Amino acid sequence: MLNEDRIALMTKMAAYEASQGKRDITVSGFFRGDYISFGVLKSALCATIGFALVIAMYILYDIEGFLTDFYKMDVAAFVRDIAVKYAVVLVIYLLISYIVYAYRYSKAKKHMKKYLSELKELEEMYSWE
């Protein structure tokens, strides 16, 4: 005999597994610190590449003026200024990344906890028969 409650629960669980469950299962396989560290490391790499591209575009935008002023400018001060700006951008970006990855991890753990409780409930439904 078909149990409508069990079918509804199984359908709900299958829909979760097919959509968001894949990512949540992957995320919950990591320790919290490992997941956040890996995410922040990826963000640092992307921020570095992005910052380098922005600096290259800035220089290439007015390459003639830059090369003309290059011999007049204090190169050490120019590099120091870029390094300070890079550090500020990187710190802000990594802080935001840390918050985002910590939030994603907590949401995935919360969803997995609910999923496991539904799985236990489904197991109990089968044991009643």
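Every number here is computed from the coordinates shown, using simple stated rules; none is lab data. Everything numeric here is computed off the predicted structure, so don't read it as measured data. Heads up, the Cβs are rebuilt from the backbone with ideal geometry, glycines too, and the neighbour counts pull from every protein chain shown.
Overview of values
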{"item": "Within the chain, longest stretch free of exposed chymotrypsin sites (Phe, Trp or Tyr not before Pro) [DSSP loop, at most 10 other beta carbons within 10 Å]", "result": "72-129"}
{"item": "Extension gain (nm, one decimal) between Asn3 and Ile49, 0.36 nm per residue minus Cα-Cα", "result": "11.0 nm"}
{"item": "Residues Ile63, Ile82, sorted so that the one with the fewest Cβ neighbours within 10 Å comes first", "result": "Ile63, Ile82"}
{"item": "Region 37-129 - percent relative contact order, Cα under 8 Å, separation 6 or more", "result": "52 percent"}
{"item": "About the Cα centre, charge dipole magnitude for the chain (Lys/Arg +1, Asp/Glu -1 at Cβ), debye", "result": "260 debye"}
{"item": "Residues Ile59, Ile7, Ile36 arranged by fewest to most Cβ contacts within 10 Å", "result": "Ile7, Ile59, Ile36"}
{"item": "Using a Förster distance of 22 Å, the FRET efficiency for Ala15-Met125 (Cβ separation, nearest 0.05)", "result": "0.80"}
{"item": "Cα-based Lys proximity count in the chain, under 22 Å, for pairs eight or more positions apart or on separate chains", "result": "21"}
{"item": "Candidates per trypsin sites (Lys or Arg not before Pro) in region 53-129, loop by DSSP, up to 12 other Cβ within 10 Å", "result": "Lys72"}
{"item": "Helix-only [θ]222 nm of the chain, DSSP H runs n ≥ 4, -39500 (n - 2.57) each, per residue, nearest 500", "result": "-30500 deg cm²/dmol"}
{"item": "Fewest-first ranking of Glu121, Glu4, using other Cβ atoms within 10 Å as the exposure measure", "result": "Glu4, Glu121"}
{"item": "Charge-dipole axis of region 1-122 as Lys and Arg at +1 and Asp and Glu at -1 on Cβ define it, positive-most pick from Leu116, Ala87, Thr68", "result": "Leu116"}
